[in-house]
1. Among the residues of region 329-343, write down those that are near the ligand (Cβ under 8 Å from one of its atoms) and either over 27 Å from the mean Cα position of the chain (by Cα) or without any contact (Cβ under 8 Å) to a residue 12 or more places away in the chain (or both).
2. Specify the residue that is nearest to Ile2 (Cα to Cα); the eligible residues are those in region 268-307 that are β-branched (Val, Ile, Thr) and touching a residue at least 40 places away in the same chain (Cβ under 8 Å).
3. Going by what's in this entry, would Pro213 be described as surrounded by fewer than 21 Cβ atoms within 10 Å (Cβ to Cβ) and in a loop (DSSP other than H, G, I, E, B)?
4. Quick one: count up the residues across region 38-62 that are in contact with a strand residue (DSSP E or B) (Cβ under 7 Å, 6 or more places away or on another chain) and at pLDDT 85 or above.
5. Please verify whether region 156-168 includes one or more residues that are modelled with pLDDT of 80 or more, under 30 Å from His276 (Cα atoms) and surrounded by 17 or more Cβ atoms within 10 Å (Cβ to Cβ).
6. Keeping to region 316-362, report how many residues are of a type in the set (S, T, N, Q) and in a strand (DSSP E or B).
7. Does region 312-320 include one or more residues that are more than 22 Å from Lys129 (Cα to Cα), within 16 Å of the ligand (Cβ to nearest atom) and in contact with a Pro (Cβ under 8 Å, 6 or more places away or on another chain)?
8. Would you call Thr260 hydroxyl-bearing (Ser, Thr, Tyr), at pLDDT 90 or above and not in a strand (DSSP E or B)?
Amino acid sequence: MIWWRASGYEIRHGCIVPMVNATLTTYYPWEDWSKAPKRLRTSELTIAPLAKLLRDLDVWAAGLGGVQFELRQVDKLIDWVNANGLLGIALHRVEYVRLAARWRTLPAVGFMGHLTAPMHKWFRYGPEKWHTGSSFAATDSEYQSTFPLRINQSLDGKVVAEDVLVESSRGGLAEANSYPAIWAGQVSMHLSDVWGPFFPSLPREELDSYDYPEPTSEAFWRLYGEPLDEFLREANSLVQAVEQLAQEHRNPPADRLIGTSPAVHACQVLSELAGHTRPHLGMEKTDLKLRVNWSAPSLLAALAMTTINELSASDGNFIRVCEKCRSPFITGDARQLYCSKDCREVMVKRKQRAKHKLEDKK
Ligand SMILES: [Zn+2]
């Protein structure tokens with residue numbers, strides 16, 4: 001799986017967007033993550049930098065899956081996005097997008113020459129990438145009986161007037177994938193509602209009819225941005241799930257009610273976030289070792305899948321969140337509370353100072 005990142009991001013109108021003159025390049029997130037240094041007994045999770053970022057930004061959960069935050073230390077957020085790209089939330093949430101109908105000129109047929117027809121362009125995710133195609137838009141029966149198709153190439157590319165189309169063919173629509181609980185049960189939605197917030201430079205009135213570029217193309221990433229609150233909300237749900245699991249490891253509940261523990265919920269959240277990732281088993285030509293590569297619709301899903309792999313491979317170890325820097329890590333030592341020597345020393349000094357102060361007061 002490849003992902004895109006711009007050479008520089010900025011925040012415009014509450015949205016993280018690539019800078020106007022930024023260069024866009026691709027990279028392999030899984031390859032980068034596997035190269036990260038892992039310590040022997042303690043291993044930091046891949047999401048650790050994101051978890052620390054949320055702590056620095058002071059993000060906390062509020063209401064139904066929402067977040068509250070104060071907009072400070074934005075440079076740290078930009079650093080993370082510069083290194084990783086955006087989470088790909090707009091791609092994460094949908095599996096099918098049908099653009100508003102436009103007149104398209106069809107290949108010449110016999111004596112009739114070129115015909116122009118109302119067509120929908122569509123994008124569908126699966127099994128491991130976005131596919132593009134087009135289909136005829138359903139036209140109103142009255143219209144069909146008079147002008148089934150037009151011989152008018154000058155219409156090519158223009159939006160089809162709504163009165164020509166049956167209701168279900170009007171505007172752009174998006175179909176949610178099975179994940180997003182925020183739309184509870186809705187399957188098909190207006191494209192303006194689902195994708196609109198992620199394309200901040202487009203005029204509001206064009207959000208339903210816009211001729212969006214193919215997902216994950218360079219043109220797509222140039223237009224694409226992520227509203228701060230959406231970015232933080234999704235990042236927070238991922239980090240929070242790991243924190244809940246760590247909490248469970250730290251203070252195992254005495255009388256466990258199976259199916260009601262917050263840890264069960266955390267597992268569900270991680271599984272849902274990782275949904276639509278797919279393994280690709282391959283054999284290395286040189287050493288015949290079997291290796292699993294993954295593809296994912298979004299960086300968010302890829303991060304969740306990596307976290308699942310890291311946590312499930314930690315059998316017999318403890319999931320911890322550093323009490324100093326909030327970095328999640330795995331350790332074989334149940335007494336370990338800090339991710340590193342540095343964090344432990346800072347906290348030991350802090351506690352000593354607090355103790356001295358208390359003694360001075362006496
Ligand atoms: Zn730490």
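1. If the condition is that a residue be near the ligand (Cβ under 8 Å from one of its atoms) and either over 27 Å from the mean Cα position of the chain (by Cα) or without any contact (Cβ under 8 Å) to a residue 12 or more places away in the chain (or both), then Tyr338, Ser340, Asp342, Cys343 are the ones that fit.
2. In the first step, residues of region 268-307 are kept if they are β-branched (Val, Ile, Thr); the result is 269, 277, 286, 292, 306-307.
Retained after the next criterion (residues that are touching a residue at least 40 places away in the same chain (Cβ under 8 Å)): 306-307.
On the way: Thr306: 15, Thr307: 18 Å.
Among residues in region 268-307 that are β-branched (Val, Ile, Thr) and touching a residue at least 40 places away in the same chain (Cβ under 8 Å), the one nearest to Ile2 (Cα to Cα) is Thr306.
3. Details: surrounded by fewer than 21 Cβ atoms within 10 Å (Cβ to Cβ): yes; in a loop (DSSP other than H, G, I, E, B): yes.
So Pro213 fits the description; yes.
4. Counting residues in region 38-62 that are in contact with a strand residue (DSSP E or B) (Cβ under 7 Å, 6 or more places away or on another chain) and at pLDDT 85 or above gives 5.
5. No, every residue in region 156-168 fails to be modelled with pLDDT of 80 or more, under 30 Å from His276 (Cα atoms) and surrounded by 17 or more Cβ atoms within 10 Å (Cβ to Cβ).
6. Of region 316-362, the ones of a type in the set (S, T, N, Q) are 317, 327, 331, 336, 340, 352.
Narrowing the set further to residues that are in a strand (DSSP E or B) leaves 331.
The total comes to 1.
7. Within region 312-320, one or more residues are more than 22 Å from Lys129 (Cα to Cα), within 16 Å of the ligand (Cβ to nearest atom) and in contact with a Pro (Cβ under 8 Å, 6 or more places away or on another chain).
8. No.
The values are calculated or read from the model by the stated rules, or taken from the named source; none is laboratory data. Just so we're clear, the structure is a prediction, and the values are computed from it rather than from any experiment. With ideal geometry, Cβ positions are generated from the backbone for all residues, glycine too; neighbour counts draw on all protein chains shown.
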